[in-house]
Amino acid sequence: MTEFVTFQGDALARLAELPSDHYDAVITDPPYSSGGTFRSDRQQATGQKYTQTGEKKNPFSDFPGDNRDGRSFLYWMTLVLSETYRVTKNGGTIALFTDWRQLPTVSDALQAAGFVWRGVYVWDKTLAARPRKGYFRQQAEFVVWGSKGPLPAKPDLPALPGLTTCSVNKGGRFHQTGKPVELMKAIVQVCPEGGTVLDPFMGSGSTGVACGELGRKFHGIEYTEHYHEVARERLAETFQ
Ligand SMILES: C[S@@+](CC[C@H](N)C(=O)[O-])C[C@H]1O[C@@H](n2cnc3c(N)ncnc32)[C@H](O)[C@@H]1O
């Protein structure tokens, strides 16, 4: 099966070229524009931001788009999600990664774009996650999810779990902030078998690899040439 298509370029520009009412699900992990309490933290290179104290610098390529302030992030995310809304089928789902700082902004943008907000899926990153002595570990990231209009009933399908527990390094790393394929396989099940998933910020293509392994078609967009190439290699291997 060779049912994947990738586009290199800016998500907003590429989304504008895609057909309306086409995708069964949009599952994506955009730059969080988070990673710190202060403006100076947010403006660091991604390799700096996403390297834990005492750890060697993250060996993967830096990526753009991760340093917007709160207002510009909300505005930009609303523009991207509005185009995403247009290309999603009626009754299709959206699932969007974020962290605890940006959770309120992302759920606002999702609703401003027209989606119905349905809930928050939890990725439990296990005790391998960022520790803070005497305080709570930053152990979870979140997937804000929703739908374009009412959710169609699926009486013949089992209910999906509302969280996945899986360490960030499970299954190998291909991107500075790459998501494990095991996690993505749990999430792409929201797309009907044989349906098509779009990821407008695909990075190294983990969403697509999960689709290939579970019989979903995949379309992905990535801004950098580097990660676009990494994704193409992984996808070509998966969708043979
Ligand atoms: C958080 S990463 C996605 C990682 C991916 N989930 C994986 O497992 O490899 C976000 C990606 O969005 C890309 N990106 C940033 N700005 C973009 C834009 N305007 N359009 C498309 N992609 C963009 C970055 O280069 C980065 O690879």
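The values are calculated or read from the model by the stated rules, or taken from the named source; none is laboratory data. Remember, it's a predicted structure, so these values are computed and weren't measured experimentally. Virtual Cβ from ideal backbone geometry, glycine too; neighbours counted across all protein chains shown. These area figures cover heavy atoms from the full protein model, side chains too; ligands, DNA and RNA do not enter into them. Shrake-Rupley method; radii C 1.70, N 1.55, O 1.52, S 1.80 Å.
For the condition open to solvent by 10 Å² or more (accessible area, probe 1.4 Å) and in a loop (DSSP other than H, G, I, E, B), what is the one hit in 201, 142? Even if it seems obvious, please write down each step before you answer.
Numbers: 142 fails: in a loop (DSSP other than H, G, I, E, B).
Sole residue among the options that is open to solvent by 10 Å² or more (accessible area, probe 1.4 Å) and in a loop (DSSP other than H, G, I, E, B): 201.
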>> Here's a check for you: in region 11-35, which residue that is within 9 Å of the ligand (Cβ to nearest atom) and out of contact with any strand residue (DSSP E or B) (no Cβ under 8 Å at 6 or more places or on another chain) is least open to solvent (accessible area, probe 1.4 Å)?
In response: 31
> Taking region 204-223 as the search range and keeping residues that are surrounded by fewer than 18 Cβ atoms within 10 Å (Cβ to Cβ) and not aliphatic (A, V, I, L, M), which one is farthest from the ligand (Cβ to nearest atom)?
Replying inline: 215
> Going by the conditions given, is residue 164 β-branched (Val, Ile, Thr) and within 12 Å of the ligand (Cβ to nearest atom)?
Replying inline: no
>> Here is a check on your reading of the model: is residue 174 aromatic (Phe, Trp, Tyr) and either assigned to a helix (DSSP H, G or I) or at pLDDT 95 or above (or both)?
In response: no
>> Given the condition in contact (Cβ under 8 Å) with a residue 40 or more places away in the chain, assigned to a loop (DSSP other than H, G, I, E, B) and out of contact with any Ser or Thr (no Cβ under 7 Å at 6 or more places or on another chain), answer yes or no: does some residue in region 98-113 qualify?
In response: yes
>> Checking the conditions here, which among 159, 128, 95 is surrounded by 13 or more Cβ atoms within 10 Å (Cβ to Cβ), under 25 Å from residue 209 (Cβ atoms) and more than 19 Å from the chain's Cα centre (by Cα)?
In response: 128
